[in-house]
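Novice: Right, I'll just put the structure down here and ask away after.
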Amino acid sequence: MRNPWATKMEQFTAFTADERTRLDTVLASRQQAFQAQEDIIADGAHSDYCHVLLTGLACRYKILPDGERQIMAFLVPGDLCDAEIFILKKMDHAVGTLTASTTAMIHSSEMKMLLREASPISEALWWGTMTDLGVLRERIIDQGRRDATERLAHLLYEMLVRYRVSGATETNAIDFPITQTDLADATGMTPSHVNRVLQRFREDGLIELRSRTLTIANPARLKSLAQFSAAYLHLDRTEAKDPAVFARAGDLISVP
């Protein structure tokens, strides 16, 4: 199986063959399968293991007292789901699957060792955390300053860039099992409002959405509509470390 975690971290540093082998060994040692709509780790729970998403799609979310759900981030293969769990007594939010998914389980002692070492792996883990925080900051900007059209355009374009950089796709089409309710919970819109905006995107030739596949038909126009800047994904560092990795999504970043 392709190691999406190592592929993601190659954005930030170059690994030796031995370091690559170590990452492969860590991910292969213990894995767990989840059904769709199942918690990888529940709000308030503790675990001795961190989870790396290998296949499928997941999200960080919080259930409010009135039963409403807020999705803070979508997680794609290669993302660390709960890296913070080994320093917390319990999770302050939940991580759940949106589709059938598989995770690799990394014991907290192994994660601590990886972080403490002065190595490219440790450096890449910290850069990955910075990128994850950047994604969360963009969701705050969505809620505070972007209108409904801009925030949905931004989210769709970001998903394409993240899938491309991770190596999950080489085209402008991505697996997209995310429902309109999921998008509503991530953007602060209603499902009916999401439906209207997506329909407008289709009519304007920006996207195609069929059979759980999203195709960005006009990346330049969608990027412009979203006022998208990839600075928070730190792809400038990717280009400096490995132009071949940057090239996976370079055309999306350089689209005028």
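Novice: Test of understanding: among R2, R22, which residue is at pLDDT below 95 and not in a loop (DSSP other than H, G, I, E, B)?
Specialist: Sole residue among the options that is at pLDDT below 95 and not in a loop (DSSP other than H, G, I, E, B): R22.
Novice: Is it the case that the stretch 121-134 has a residue that's exposed (fewer than 13 other Cβ atoms within 10 Å of the Cβ), part of a helix (DSSP H, G or I) and modelled with pLDDT of 90 or more?
Specialist: yes
Novice: Residue under question is K241, and the condition is that it be modelled with pLDDT of 90 or more and of a type in the set (D, E, K, R); does it hold?
Specialist: no
Novice: Moving to a separate point now. Name the residues in the stretch 62-108 that are acidic (D, E) and either crowded, with 17+ Cβ neighbours inside 10 Å or modelled with pLDDT of 95 or more (or both), would you?
Specialist: Selection gives D66, E68, D79, D82.
Novice: Looking at this structure, is R146 more than 19 Å from P4 (Cα to Cα), charged (D, E, K, R) and modelled with pLDDT under 90?
Specialist: no
Novice: I need the full set of residues from the stretch 98-120 which are touching a Leu at 6+ places or on another chain (Cβ under 7 Å) and either of a type in the set (D, E) or more than 12 Å from H51 (Cα to Cα) (or both), in order please.
Specialist: L98, T99, L114, L115
Novice: Counting only residues that are assigned to a loop (DSSP other than H, G, I, E, B) and not small (G, A, S), how many does the stretch 49-81 have?
Specialist: Counting residues in the stretch 49-81 that are assigned to a loop (DSSP other than H, G, I, E, B) and not small (G, A, S) gives 9.
Novice: Okay, next question. Can you say whether A33 is small (G, A, S) and either touching a Cys at 6+ places or on another chain (Cβ under 7 Å) or part of a strand (DSSP E or B) (or both), as far as the supplied structure shows?
Specialist: Yes: the conditions hold for A33.
Novice: Only one of A217, A173 is outside the structural domain of P4 (by TED's automatic domain parsing), within 30 Å of L23 (Cβ to Cβ), surrounded by 14 or more Cβ atoms within 10 Å (Cβ to Cβ) and small (G, A, S). Can you tell me which?
Specialist: Of the residues listed, the single one that is outside the structural domain of P4 (by TED's automatic domain parsing), within 30 Å of L23 (Cβ to Cβ), surrounded by 14 or more Cβ atoms within 10 Å (Cβ to Cβ) and small (G, A, S) is A173.
Novice: Moving on to the next point. How do the pairs read when you match residues in the stretch 183-210 that are under 24 Å from T171 (Cβ atoms) with residues anywhere that are among the acidic types (D, E), using Cβ under 8 Å and keeping only pairs 6 or more apart or on different chains?
Specialist: Note: pairs meeting the criteria are R202/E208.
Novice: Determine whether A118 is over 16 Å from the mean Cα position of the chain (by Cα) and loosely packed, with under 15 Cβ neighbours inside 10 Å.
Specialist: yes
Novice: If I go through the stretch 3-21 residue by residue, how many of them are surrounded by 14 or more Cβ atoms within 10 Å (Cβ to Cβ) and either closer than 23 Å to L75 by Cα or charged (D, E, K, R) (or both)?
Specialist: Result for the stretch 3-21: 13.
Novice: Can you say whether T103 is hydroxyl-bearing (S, T, Y) and outside any strand (DSSP E or B), as far as the supplied structure shows?
Specialist: Answer is no for this residue.
Novice: What do you reckon, is E84 of a type outside the set (G, A, S), in the same structural domain as A100 (by TED's automatic domain parsing), part of a helix (DSSP H, G or I) and under 24 Å from E138 (Cα atoms)?
Specialist: In short, yes.
Novice: From (1) within 19 Å of D82 (Cα to Cα); (2) without any contact (Cβ under 8 Å) to a residue 40 or more places away in the chain, pick out the condition that doesn't hold for A17.
Specialist: It fails just one condition, (1).
Novice: Let me ask something else. Go over the candidates V161, V197 one by one and state the one that is of a type in the set (A, V, I, L, M) and touching a Ser or Thr at 6+ places or on another chain (Cβ under 8 Å).
Specialist: V197
Novice: Here is a list of conditions, (1) exposed (fewer than 15 other Cβ atoms within 10 Å of the Cβ); (2) part of a loop (DSSP other than H, G, I, E, B), and T181 meets all of them except one; can you say which number that is?
Specialist: It fails just one condition, (2).
The values are calculated or read from the model by the stated rules, or taken from the named source; none is laboratory data. From a predicted model like this one, the values you see are computed outputs, not experimental measurements. Quick reminder, even Gly has a Cβ in these numbers, built from the backbone with ideal geometry, and neighbours come from all protein chains shown.
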